[in-house]
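Notes to accompany the following structure.
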Amino acid sequence: MKKVVLSMLALSMSLSIFAQKDELKAADKALKGEDLAKAKASIDQAEGLIANADAKLKAKFYFLKAKAYYEIGKKQPALAADAYDVAAQSFTELIDFEKKSGKAKYTEEAQPLLNSLVADVSNKGIKEYQEKDYATAKKTLLQTYNLSKKDTVFLEYAATAAYLDKDFDTSLTHFNMLKELGYTGIATTFSAINVKTNESENFGSKTEMDLRVKTGEYKDPKSETSESKRADIIKNIALILVEKGETENAIAAVKEARKANPDDSDLIFTEANIQLKLGNKDEFASLMKEAIKKDPTNPSLHFNVGVINQEQGRLEEAKANYEKAIELDPNYGDAYLNMGALVLEKDKELVEEMNKNLSNFKKYDEIKAKQLDLYKVALPYFEKAREVKKDNMDVVRTLMSMYENLEMDDKYKEMKALWDASK
């Protein structure tokens, strides 16, 4: 009797193996014929039979499942909303399985597909972000991070997208995760000038850059390392806590970060901003003096103090701040822009006066002369801003208006041509 049972069990297992092989053959054939619906059906059918399969068959199953769901996510996402997630999980299972078994039959072919999957998802997320579809982007960018944990920058992107979507809880979770991971965001980029186009191009590594320069096709190689984003992570956590009404926790978060980084002037400025949001102007002023004292040659600090002073109506103080920022960095475009805007603070008042004196020609002309004098004072600042911020169309528009009022026809036509071309 026992022999009969064993015989029947062996027959059942044999039939199961044949069924597994048949379903995998059908999936493979459907993939080659780009019949993704049939490939998915075969994979799903094989899934229930794979538990007792041998190592060779399991590896093939993981590979075909990963490949099928990757193609579905790429070409027919309606077949499975979580296709990319399933594909990523299957790629991971395949690689882990073959590493343990010591037989990497499919891993070599799977790895490039996994890399392509990560690239597809990341490109999708970046596009969604650029299109300001933050609700979708925050999920896609997080998916990119989950697919490739070494690409921590995508967790930062997901956190930012969630913040812009006003999903503060999700954003806070991601930023806290970045903090726990010790994320700095420090990265090195490699670039060189293309001799033919005279434009800068980036390379994936220093070795690639050096090789391309040696061919003579590129020149002026440059390696640039970005600054740490550690302070920005803490700042974002604090700002989210402010948005959530947890101001005490926000200040505590910054103070904690300042203990670990006592010389980081950006963290002092972050705390100062929070104090300003809370209406604590004296505390703000004290913190800003502390920041500048620690880092007196930092043009950004002087500039940012200028912005706050301008917003608060302390125009002379703002002017001194912008002038100091320009002194420290003669190419500080935003400082020139704000100086120009500060000079034009009186323009609105003059326009209102002119509108009140439309029938009083003498008075009108006197006010108009004052306006033109104001433009003459502001003009050099906007021209310098244009010199260092060539892609800023707002500067072009402002200069176009000023040149027209000052009857500087040639320069007006130049700016108008740039403005028209930008539309």
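Glu283 passes every criterion in (1) of a type in the set (D, E, K, R); (2) modelled with pLDDT of 80 or more; (3) within 29 Å of Gly182 (Cβ to Cβ) apart from (3).
Among the residues of the stretch 386-412, those that are within 17 Å of Asp347 (Cβ to Cβ) and within 32 Å of the chain's Cα centre (by Cα) comprise Asp394, Val395, Arg397, Thr398, Leu399. Within the bounds of the stretch 66-76, is there any residue that is more than 17 Å from Glu109 (Cα to Cα), in a helix (DSSP H, G or I) and not basic (Lys, Arg)? Checked the stretch 66-76: at least one residue is more than 17 Å from Glu109 (Cα to Cα), in a helix (DSSP H, G or I) and not basic (Lys, Arg). Pull up the stretch 200-216, narrow it to residues that are charged (D, E, K, R) and part of a helix (DSSP H, G or I), then point me to the one that is most open to solvent (accessible area, probe 1.4 Å). Taking the candidates together, the pick is Lys214.
Restricting attention to the stretch 309-335, the residues that are open to solvent by less than 40 Å² (accessible area, probe 1.4 Å), assigned to a helix (DSSP H, G or I), over 16 Å from Asp394 (Cα atoms) and at pLDDT 90 or above total 5.
Quick grid of which residues meet (1) in contact with a strand residue (DSSP E or B) (Cβ under 6 Å, 6 or more places away or on another chain); (2) open to solvent by less than 50 Å² (accessible area, probe 1.4 Å); (3) among the hydrophobic types (A, V, I, L, M, F, W, C); (4) over 25 Å from Asp264 (Cβ atoms):
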residue: Ser171; (1), (2), (3), (4): no, yes, no, no
residue: Gly182; (1), (2), (3), (4): no, yes, no, no
residue: Phe190; (1), (2), (3), (4): yes, yes, yes, yes
residue: Tyr218; (1), (2), (3), (4): yes, yes, no, yes
residue: Glu224; (1), (2), (3), (4): yes, no, no, no
residue: Ile237; (1), (2), (3), (4): no, yes, yes, no
residue: Thr247; (1), (2), (3), (4): no, yes, no, no
residue: Ala250; (1), (2), (3), (4): no, yes, yes, no
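Among the residues making up the stretch 147-173, those that are in a loop (DSSP other than H, G, I, E, B) and polar (S, T, N, Q) are Ser148, Thr152. Annotation note: Cβ proximity below 9 Å between a residue of the stretch 176-188 that is in contact (Cβ under 8 Å) with a residue 60 or more places away in the chain and a residue that is in a loop (DSSP other than H, G, I, E, B) and open to solvent by 60 Å² or more (accessible area, probe 1.4 Å) (sequence gap 6+ or interchain) occurs for no pair.
Restricting Asp151, Asp165 to those that are free of Cβ contacts under 8 Å to residues at least 40 places away in the same chain, of a type outside the set (Phe, Trp, Tyr), under 24 Å from Tyr84 (Cα atoms) and surrounded by fewer than 17 Cβ atoms within 10 Å (Cβ to Cβ) reduces the list to Asp151. Pairs are defined by a Cβ separation below 8 Å, a sequence spacing of at least 6 or placement on different chains, a first member in the stretch 272-296 that is touching a residue at least 60 places away in the same chain (Cβ under 8 Å), and a second member that is assigned to a helix (DSSP H, G or I) and surrounded by fewer than 18 Cβ atoms within 10 Å (Cβ to Cβ); no pair meets this definition. If you go through the stretch 88-112 and keep only what is touching a Phe, Trp or Tyr at 6+ places or on another chain (Cβ under 9 Å) and not in a helix (DSSP H, G or I), you end up with Lys105, Tyr106. Within the stretch 97-105, not a single residue is within 23 Å of the chain's Cα centre (by Cα) and open to solvent by less than 50 Å² (accessible area, probe 1.4 Å). Counted as qualifying within the stretch 336-408 are the helices (runs of 4 or more DSSP H) with 2 or more residues that are in contact with a Gly (Cβ under 9 Å, 6 or more places away or on another chain) and open to solvent by 30 Å² or more (accessible area, probe 1.4 Å), namely 361-388.
Taken over the stretch 71-84, residues that are within 21 Å of Gly33 (Cβ to Cβ) and either of a type in the set (A, V, I, L, M) or open to solvent by 70 Å² or more (accessible area, probe 1.4 Å) (or both) amount to 9. Tell me whether the stretch 338-353 contains one or more residues that are more than 31 Å from the chain's Cα centre (by Cα), of a type in the set (Val, Ile, Thr) and farther than 29 Å from His302 by Cα. Yes, the stretch 338-353 contains a residue that is more than 31 Å from the chain's Cα centre (by Cα), of a type in the set (Val, Ile, Thr) and farther than 29 Å from His302 by Cα.
Lys132 falls short of the stated requirement of being open to solvent by 50 Å² or more (accessible area, probe 1.4 Å), under 15 Å from Met177 (Cα atoms) and not in a helix (DSSP H, G or I).
Look at the stretch 313-340: where a residue is under 11 Å from Tyr381 (Cα atoms) and a partner is part of a loop (DSSP other than H, G, I, E, B) and of a type outside the set (Phe, Trp, Tyr), sitting 6+ places away or on another chain with Cβ atoms under 9 Å, you get Gly333/Lys389; Gly333/Asn392; Asp334/Lys389; Ala335/Asp329; Tyr336/Lys389; Leu337/Lys389; Leu337/Asn392. If you go through the stretch 85-94 and pick out every residue that is buried (at least 19 other Cβ atoms within 10 Å of the Cβ) and over 17 Å from Glu71 (Cβ atoms), you end up with 0.
The values are calculated or read from the model by the stated rules, or taken from the named source; none is laboratory data. The shown structure was predicted, so the numbers you read here are calculated from the model rather than taken from an experiment. Methodologically, a virtual Cβ is constructed for each residue, glycine included, from the backbone with ideal geometry; neighbour enumeration extends over all protein chains shown. Each accessible area value is taken on the protein alone, full model and side chains, heavy atoms only, with ligands, DNA and RNA left out. Shrake-Rupley method; radii C 1.70, N 1.55, O 1.52, S 1.80 Å.
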